[in-house]
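Visitor: Have a look at the structure that comes next, please.
The values are calculated or read from the model by the stated rules, or taken from the named source; none is laboratory data. These numbers come from a predicted model, not from an experiment. Cβ placement follows ideal geometry from the backbone for every residue including glycine, while neighbour counts extend to all protein chains displayed.
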Amino acid sequence: MKRQLHIQELRSFLLLWASQAVSELGTAMTDYALIVWAYGQEGTASSVTRLTLCAFMPTILLRFAAGALADRWDKKRVMLACDLIAALGTAAVFALHAASALRVWHLYLINLLLSGMNAFQVPAAFVATSLLVPKAHYARAGALQGLSGSVVAILAPALGSALLALGGLRLVLTCDLLSFLVAFLVLLLCIRIPDAKRAPGEREPLRQSLLGGVRWLREHRAILRLSLFFAAVNFLAKLGDDGLLSPFVLARTGNDQRLLGLAQSAVATGLMAGSLLMTVVKPARKKARFICVTCAVVFCGNIVLGLTARPWLWCVALFFSYLAAVWMNVHLTTVLREQVPVEMQGRVFSASDTLKNSLIPLGLLLGGILADGVLEPFMAADSPIQRLLSRVFGAGAGAGIAVMFTVVGILGAALSLSRLGKAMCRELDGGGE
């Protein structure tokens, strides 16, 4: 009876969650196929990091304003419009490829467009979830979203590879467009998102409303410190496996797409296991401390990747580090939902997200430069230091990225553990528990 009550309470959310998961699977298959295609065209880590950079920059630049507008605008209309424009981007890739005119720089431009839409969709979807889900189920909803993401990540490489072999890139893109159609129609016809309480910012001029999230963060220093902490974490993560896993595996294995698929499946399996556990386990009582500890575990995975050349050990490290990442992210999202009033969540979430993601472009650019222009050439040239490092990290393609992964892992784990006992953890764990 209790389980039936939970399902009834979460019915609209579950319908939205399932349909969006179908769309995410189509998008993930396309992303996988295009990364393989782009790396095959240029054969450099920079070609992959530039694609990722184009997917982040507009989001970071526009998210600040998008959050304020998401608090004012109808959430459902924003999500529908963003889905439609994303589908048009996929259709453009399909048309270019069908005409044998697709180039890597086309993908950069399309990623810029899609990232701009993502800036509006994410805060709208964040607030929509808060409106659809009772407060008691915030952690469960976050875990379910993580679960669908992990299932998508598991299926996308396998299905993407199978569809590429069966019908090429055009078939992958066709499936992506069909998945967009499913999500669009379900949201349009089957889901009603309730209105939030009238936000104070709606009575202000837009210019003042844009600063509402910043003002809230300045008044709530613990959330501000948490956002700044994750700005540093995200910068380091993009120098590690979060930004360079694909070129690392492809370089170390002689462009073996099968092993890349296994590595990505290990990531996805870890995400799924972590999400499943979080659907049945209560959140930690001291959430901020738990976030710091699990973040340190995530960075330890980079150390293992850098210090071994065995693919099965990569898979083990990726499984456990991404399992920890799910627990970290669910607790982070729960903290934000609990601490921020729902009528302010669009602006505060966007202001916090802008801070957290502000250093990602620098991390992506620096990661590609260090990999292709510094560490890879250094580990390929003979020198006393290179010979010493090659005893630990090996030689050949990918050895330079392995060095960078290890350094990033050590720095990230040290930063995460250093936050334990600091003001951020004391303030967040000391109240509202």
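Visitor: Residues to consider are 92, 156; find the one that is part of a helix (DSSP H, G or I), within 17 Å of the chain's Cα centre (by Cα) and over 29 Å from residue 347 (Cβ atoms).
Guide: That would be 156, the only listed residue that is part of a helix (DSSP H, G or I), within 17 Å of the chain's Cα centre (by Cα) and over 29 Å from residue 347 (Cβ atoms).
Visitor: Which residue is modelled with the lowest pLDDT, if the candidates are limited to the range 64-77 and must be surrounded by fewer than 23 Cβ atoms within 10 Å (Cβ to Cβ) and assigned to a helix (DSSP H, G or I)?
Guide: Out of the qualifying residues, it is 64.
Visitor: Is it true that residue 249 is modelled with pLDDT of 90 or more, in contact with a Leu (Cβ under 7 Å, 6 or more places away or on another chain) and either over 17 Å from residue 143 (Cβ atoms) or assigned to a helix (DSSP H, G or I) (or both)?
Guide: Judged against the criteria, residue 249 is not a match.
Visitor: Need the failing condition index for residue 311 against (1) within 25 Å of residue 161 (Cβ to Cβ); (2) over 14 Å from the mean Cα position of the chain (by Cα); (3) buried (at least 24 other Cβ atoms within 10 Å of the Cβ), just the number.
Guide: (3)
Visitor: What do you reckon, is residue 295 surrounded by fewer than 23 Cβ atoms within 10 Å (Cβ to Cβ) and part of a helix (DSSP H, G or I)?
Guide: In short, no.
Visitor: What residue, of 323, 364, 389, is hydrophobic (A, V, I, L, M, F, W, C) and surrounded by fewer than 21 Cβ atoms within 10 Å (Cβ to Cβ)?
Guide: Only one candidate qualifies: 389.
Visitor: Kindly provide the set of residues from the range 168-196 that are in a helix (DSSP H, G or I), out of contact with any Ser or Thr (no Cβ under 8 Å at 6 or more places or on another chain) and either surrounded by 20 or more Cβ atoms within 10 Å (Cβ to Cβ) or modelled with pLDDT under 80 (or both), ordered by number.
Guide: 168, 169
Visitor: Moving to a separate point now. Among the residues of the range 263-270, are any without any contact (Cβ under 8 Å) to a residue 12 or more places away in the chain and either touching a helix residue (DSSP H, G or I) at 6+ places or on another chain (Cβ under 6 Å) or surrounded by fewer than 17 Cβ atoms within 10 Å (Cβ to Cβ) (or both)?
Guide: no
Visitor: Now for a different question. Is it fair to say residue 428 is in a loop (DSSP other than H, G, I, E, B) and within 14 Å of residue 291 (Cβ to Cβ)?
Guide: Considered against the rule, which asks whether it is in a loop (DSSP other than H, G, I, E, B) and within 14 Å of residue 291 (Cβ to Cβ), residue 428 comes out as no.
Visitor: Could you say which residue among 372, 353 is buried (at least 24 other Cβ atoms within 10 Å of the Cβ), modelled with pLDDT under 85 and either in contact with a Gly (Cβ under 8 Å, 6 or more places away or on another chain) or in a helix (DSSP H, G or I) (or both)?
Guide: Sole residue among the options that is buried (at least 24 other Cβ atoms within 10 Å of the Cβ), modelled with pLDDT under 85 and either in contact with a Gly (Cβ under 8 Å, 6 or more places away or on another chain) or in a helix (DSSP H, G or I) (or both): 353.
Visitor: Could you grab me the full set of residues in the range 11-20 that are within 17 Å of the chain's Cα centre (by Cα) and crowded, with 19+ Cβ neighbours inside 10 Å?
Guide: Listed by number, the list holds a single entry, 20.
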